[in-house]
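The values are calculated or read from the model by the stated rules, or taken from the named source; none is laboratory data. All values derive from a computational prediction rather than experimental measurement. Backbone-built Cβ (ideal geometry, glycine too); neighbour counts: all protein chains shown. Note: areas computed on protein heavy atoms with side chains; ligands, DNA, RNA excluded. Shrake-Rupley method; radii C 1.70, N 1.55, O 1.52, S 1.80 Å.
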Amino acid sequence: MKHLLLLFLGGLLSASVIAQTVTVRGKLVSDSDNNGLPYATISVAVEATPDNSIRRFATDADGTFSTTLEPGTYIFTFHFVGMNELKQTIEVPESPSTLNIGNIALSEASTELGEVSVVAQRPLVRVEIDRLFYSVQDDPEASTQSVLDLMRKVPLITIDGEDNIQLRGSTNYKIYLNGKPSNMISNNPREVLRSMPASSIKDIEIITDPGARYDAEGVGGIINIITDKRVDDGYSGSVGARAGTFGDYGGNAFLNAKYGKFGFSGNISQFRNKSPQSSSWSERKDSESTLTQTGTNDWQFNGMFSSAMISFEPDTLNLFSVSINGWSGRSKNTNNRDFLSVGTRPYQYNQLSENSGTFGDISMSADYQRSFSKKDEMLTFSYRFQNNPNNSSSWFGISNSNYSFFPSGYQQKSDNRASGNEHTGQVDYVNPLTKKHVMEVGGKFIFRHNFSEADHWFRNQENLPWEVLTRPSNDLDHQQQITSGYAGYTFRESKFSLKTGLRAEYTSQTIIFGDAPSFGNSYFDLVPSAAVSYQLKPTTTLRLNYNKRINRPGIWQLNPYVYDTDPTNIHYGNPDLNSENTHSFSLGYSHFHRKYNINASMNYNFSNNAITWYQFEKDGVINHTVANIGSRKGVGLNLSGRWSPTQKFMINLNGNINYSDLSGSSDFAYSNSGFAGNAFTNMSYTFPKDWRLSANGGFFTPWVQLQSKNSTHHFHGFNLQKSFLDKKLDVSMNIHSPFMKTFTRKNESWGTGFTQQSEFVNHRRSVGISVTYRFGNLRSQITRVQRGITNDDVMSGSGGEGGGQQ
């Protein structure tokens, strides 16, 4: 009997051990773009008891999921904020041991309650292993703001009151448009981004640690602006206008359409930016004299931006696209200054000067994308041409002078003609070997040709003819070829992700400077990168990254043309510059909750051949130029977050603090170190009847620079927005710094043989109004901002890799 009992118990144990289970796998995606839905909630119930969940779990960062079940019939319930809930009956057979149910597509939700539309929106911020995304199309204020205004809320980006942009505390970064480098934006970011309506943008992507696929240029990382494109048939668009009390104005139009196999996206804007007259004062001291300057300045900028893209998709495996982007602008700057020198070089005079510049960029690209039967396998061929003219002219005249070098009536003018052409060919191939392993390889060739030439004239009286001003030639002809190749590897397993790669770049260049014989050099760079992420929880992720970046000097830094409109302060570039190499390490943390989200990162970087602007005094003239003269080390902490305690109130914070250590070479014995930081916050409250009020403010401490120090500064503002015509018409009024009529920026600088103090008084208080009207069968009506959203419906932000849902 005892043996029979043991045999019976053993049989039960064996049966329980060998009871068959089946692994059910799949991927939850959005039906609009087929992108994975991260951290969505999935519950499983037995068909016989559908109201009693036996299992509840979340999708991974890419939307994939897996669970183990015994054979039987189950009801899977899929839930993702902003999407229609889906229930699906799944039959789990006894064999095979793995069941792949494929892609499960959810559609976006929209519910009408009387006259009030309650529409959920997807997270504004989502994070991946080496980048983060800010969803512009889901931001409530995107309909009436410019891209520049909206970027103040993007994590890791800070923009001060004078619209200077920093990425993780650095001004050295690259700006891409739809995944391609854009000289158009990089060379004039304030003007171009101010002219671009945010309503034409889908996402702003911050690539904090660019992998091997990306060019090694851009020390601080990459800001990639992704324009909106339709994925379904139909059309949508918008027209808008703005005007401000500074005399600035602009208008824009945007059209997005897709019919059958053809798609089109186009954007055009015309604008004028103007600043009221500002004033300045400076005092420079050297061992012999003290020079004081007082003056006024008037500035304005007129420009136009346009872009268009046409795509043709003959079948599901082939995609052809052609795009063209254009930008042109003209600036005018008028200065009226009085100079007074006392000491061993006594003199005084008045100088009236005018500087104007014609800027532009046109880029044309053609792309072919070939997909394969294996999901996510892709081959891409690309070609791009860019031309960016950068011409300038200057004039100044002297009056009330007792200075023999500049007698009364003396005039001087200069014309500088500069331009650059760039041809780029590229091929990329991505192959997901398995669900866990992905390989990518590619190659790229870039040819750049930059040139600059200048003419100078003078006359001693206004009624005399102009004469050629003889000076050493500083014309420049610069040709550069960059050949590169890369290989990358990505591994994903459950909560762990690894991405690594190596890029090789060979650069050769030839430079002709003035009348001197041509000279050239070449160098080879290996650029490694690595990124690791681990999910502590479905909504919490840690990331560790390393990369090497290269900062190659541009035409503005290489151009030896001497800008001497102010003969006591001259500026010129250096054609002998070498590229700068920077190594960066970062540790990131992201956490997401229904009511709040936090993104934090700490980074360390160093460079031993930093390209640095510096200044020195010679014969009573301050020379400003650039060289590879020192090392730069920095440690930074970046923090961004969003909190929505109620359904109508939302606040976000974006800021960083950095410690920098700058030191010159043995030939340039200057050094400086210290802390610098900034913070920006935005609060918004939604009222009934589609009214929305927001307030913002920013504070910036002085940047740490090698030979100068600026004062702290701050700004604030308010925005009131109202929607009409079933949310097709948005009207917005903004007030910039209403409690600050003017702002005084102070600067201290020093160099060999001199010290200088200066003050610049600029107008701050301004009022502007903008109007945007959207038309067409608007797909974005269900993804654009909507009011009356509860905290249980909206998760505005992300924590884990790829987004944040729980």
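Before moving on, here are some points about what is shown:
- Euclidean distance of C-alpha centroids, the range 49-92 and the range 186-218, integer Å: 38
- Based on DSSP H segments of at least four residues, each scored -39500 (n - 2.57), the chain has a per-residue ellipticity at 222 nm of -1000 deg cm²/dmol.
- Equivalent ellipsoid dimensions for the range 302-384 as semi-axes, Å, which come from the Cα gyration tensor, largest first: 57, 15, 7
- Summed side-chain charge close to residue 98 - residues other than residue 98 whose Cβ falls under 12 Å, Lys, Arg +1, Asp, Glu -1: +2
- Across q = 0.16, 0.18, 0.19 Å⁻¹, the range 657-776 modelled as identical point scatterers on its alpha-carbon atoms has Debye log10 I(q)/I(0) values of -0.88, -1.00, -1.05, in the order of the q list.
- Accessible surface calculations at 1.4 Å, restricted to protein heavy atoms, place the chain at 44 Å² per residue.
- Calculated on alpha-carbon atoms, Rg and Dmax of the range 409-464 in Å: 26.0, 80
- Of the solvent-accessible surface of the chain, computed with a 1.4 Å probe over protein heavy atoms with every protein chain present, carbon and sulfur atoms account for 57 percent.
- Rg and Dmax [Cα atoms of the range 380-509; Å; Rg one decimal, Dmax integer]: 26.7, 81
- Exposed-site-free run, longest, the chain (rule: GluC sites (Glu not before Pro); DSSP loop; at most 16 other C-beta within 10 Å): 463-806
- DSSP finds beta bridges in the chain, and of those with both partners inside it, around 95 percent are antiparallel.
- Positive-end residue of 491, 464, 474, charge dipole of the range 446-514 with Cβ unit charges: 491
- With respect to the chain, whose longest principal axis is taken over its alpha-carbon atoms, helix 2-18 is tilted by about 40°.
- Distant alpha-carbon pairs in the range 173-321 (separation over 25 angstrom), percent: 50
- For the chain, the dipole from Cβ point charges (+1 on Lys and Arg, -1 on Asp and Glu) about the Cα centre works out to 1480 debye, to the nearest 20.
- DSSP loop chymotrypsin sites (Phe, Trp or Tyr not before Pro) with at most 14 other Cβ within 10 Å: longest gap in the chain: 1-371
- Test item: Cα-centred dipole of the range 447-605, Lys/Arg +1 and Asp/Glu -1 on Cβ, debye: 1820
- From the C-alpha gyration tensor of the range 165-208, square roots of 5λ in Å: 16, 13, 11
- Descending semi-axes in Å of the range 354-440, equivalent ellipsoid built from Cα gyration tensor: 58, 13, 8
- Here the Kirkwood formula, the inverse mean of 1/r across different C-alpha pairs, assigns the range 450-496 a hydrodynamic radius of 16.8 Å.
- Normalised by 2.2 N^0.38 Å, with N the number of residues, the alpha-carbon radius of gyration of the range 130-255 equals 1.07.
- Reference-scaled alpha-carbon Rg (2.2 N^0.38 Å with N residues) for the range 230-387: 1.72
- Cα centroid of the range 261-310 to Cα centroid of the range 707-721, whole Å: 17
- Using C-alpha pairs below 8 Å separated by at least 6 residues, the relative contact order for the chain is 13 percent.
- Among the listed pairs 87/258; 153/595; 27/727; 180/499; 261/435; 689/728, those whose Cα-Cα separation exceeds 24 Å are 87/258; 27/727; 261/435.
- Using the alpha carbons alone, the radius of gyration of the chain stands to its Kirkwood radius in an Rg to Rh ratio of 1.02.
- Across the range 531-570, the fraction of Cα-Cα pairs farther apart than 13 Å, rounded to a whole number, is 73%.
- Kirkwood Rh and Cα Rg combined as Rg over Rh, evaluated for the range 577-633: 1.32
- The range 553-659: radius of gyration over Cα atoms, expressed as a fraction of 2.2 N^0.38 Å: 1.65
- Just so you know, the Cα atoms of the range 538-593 work out to an Rg and Dmax of 20.6, 62 Å.
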